[in-house]
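The values are calculated or read from the model by the stated rules, or taken from the named source; none is laboratory data. These numbers come from a predicted model, not from an experiment. Every residue, glycine as well, gets a Cβ built from its backbone with ideal geometry; the counts of neighbours run over all protein chains shown.
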Amino acid sequence: MSVSEKENVVAQESQHYMPVFRRQPLVIGHGRGAILTDTEGNDYIDCVAGIAVNSIGHCHPRLVSAIKAQAEKLIHTSNLYYTELQARLAERMAKLTGMERLYLTNSGAESNEAAMKLVRKVTGKKGFVSTKNAFHGRTMGALSVTWKEAIRKPFEPLVDGVTFVDYGDVSAIARAVTADTAAVIVEPIQGEGGVIVPPEEYLAGVRELCTERGILMIADEVQTGFGRTGKWFACEHAGVVPDVMTLAKGMGGGFPVGATMSREPYKFDQGDHGGTQSGNPLACAAALATIDVIESESLVEQSRYNGELLKKLLGELESTYTVDIRGKGLMVAYESSLPVPPIVDYARANGVLLNNTSENVLRFVPPLVITKEQITTAIAVVERAINVYPR
Ligand SMILES: *Cc1c(COP(=O)(O)O)cnc(C)c1O
């Protein structure tokens, strides 16, 4: 694609697509593994993975063939009928999470919507305790438990009865719980908030508090799930099983699919909830193939040790401007006292895609298949960016 064709894509889109996204000036053509190629033929090491979505890399051959084969057989039936793949995925997910019940969705926000309805139904209570800096999605319910005022305020009134407390502080939750609290909703590591890792004992403390006070614990693992943090699910780092777990992002390796898991006896009954396209055979095939690849290629373990390498290399770049390096597995943040967007721009111009969650925080969430060599090359570019850019 020539430069003018690229300009056409941008012009065409900006004329008709609602301008909600702030996009980087890049038209992506294709991808393989942890490499993306733009329409001008330039390669990039992808340290973003479609925001922690392309867990098994771009166009993994086993995911592609599973989707192809299923597309030729059956794409959608609605939930009026049974399909074999939905049953298989339900069983597989129960085994993976240790939670008995599953409801399939098409996105993270939808998984949280289902979770919020579920906890209200099974407790008969209305309130939620959420955390400052939390991100749970953009739909009305999920947005109600999302912290950032700029994206929440313009759409009020939202779901009633939400209290936000400091992340990482169990006693703050204890103080916020009332007789009408249905659930606490919490990310095991805050993602959009800037990869905030809570104190070691936090999740176990939340679990204990919820049990003691008879309220439910919703773990939003939409970003942290499926090996991202070096465990299948980040709650495992704390040895915690929540009452409800929400999933999406990495689950379909890029195919939109999510899940709301719960442990017995918490579940919807017939007619309580639904979705016409949710859990369609194509989505189930993609999720099953993604899980197979994560398992057979030991990507959870790879996420753990390559995450350590990533943090070590970032640590070696430590300059007077480095504020913090944190994260688990391949979910890592580099925080600087200087603005990081120039680093993102420099890296893109030099073949590395990065993402920043704020002016000062770079977030690394590459495909779990990224190699040591690719990590090393990417961080060398970040190092040059840090040195080049004026300070
Ligand atoms: C991305 C994200 C969501 C929302 O997922 P969508 O698929 O964008 O709706 C919810 N919770 C967390 C923790 C996320 O990172």
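Some notes on this structure:
- Members of the stretch 362-391 found to be modelled with pLDDT of 95 or more and aromatic (Phe, Trp, Tyr), listed by number: Phe364
- Annotation note: of Lys148, Lys121, Lys117, the sole residue that is out of contact with any strand residue (DSSP E or B) (no Cβ under 6 Å at 6 or more places or on another chain) and closer than 24 Å to Glu359 by Cα is Lys148.
- Residue under evaluation Val365, criteria (1) over 27 Å from Trp232 (Cα atoms); (2) crowded, with 17+ Cβ neighbours inside 10 Å, criterion not met: (1)
- Candidate set: the stretch 139-153, residues that are within 16 Å of Leu118 (Cβ to Cβ) and within 10 Å of the ligand (Cβ to nearest atom); chosen: the one surrounded by the most Cβ atoms within 10 Å (Cβ to Cβ): Val145
- Members of the stretch 229-265 found to be crowded, with 18+ Cβ neighbours inside 10 Å and over 22 Å from Leu330 (Cα atoms), listed by number: Pro242, Asp243, Val244, Thr260, Met261, Ser262, Arg263
- Answer residue from the stretch 91-137, given it is more than 22 Å from Ile173 (Cα to Cα) and of a type in the set (Asp, Glu) and is surrounded by the most Cβ atoms within 10 Å (Cβ to Cβ) among those: Glu110
- Residues in the stretch 318-333 that are more than 15 Å from Gly250 (Cβ to Cβ) and either out of contact with any strand residue (DSSP E or B) (no Cβ under 7 Å at 6 or more places or on another chain) or without any contact (Cβ under 8 Å) to a residue 12 or more places away in the chain (or both): 4 in all.
- Residue satisfying all of: in the stretch 211-234; more than 18 Å from Gly193 (Cα to Cα) and in contact with a strand residue (DSSP E or B) (Cβ under 6 Å, 6 or more places away or on another chain); nearest to the ligand (Cβ to nearest atom) among these: Met217
- The set of residues from the stretch 52-61 being under 22 Å from the mean Cα position of the chain (by Cα) and either part of a helix (DSSP H, G or I) or more than 14 Å from Asp292 (Cα to Cα) (or both) comprises Ala52, Val53, Asn54, His58, Cys59.
- Some residue of the stretch 183-194 being among the acidic types (Asp, Glu), free of Cβ contacts under 8 Å to residues at least 60 places away in the same chain, over 28 Å from Arg62 (Cα atoms) and more than 14 Å from the ligand (Cβ to nearest atom): no
- Scanning the stretch 52-85 for residues that are surrounded by 15 or more Cβ atoms within 10 Å (Cβ to Cβ) and within 30 Å of His273 (Cα to Cα) gives Ala52, Val53, Asn54, Ser55, Leu63, Ala66, Ile67, Gln70, Asn79, Thr83, Leu85.
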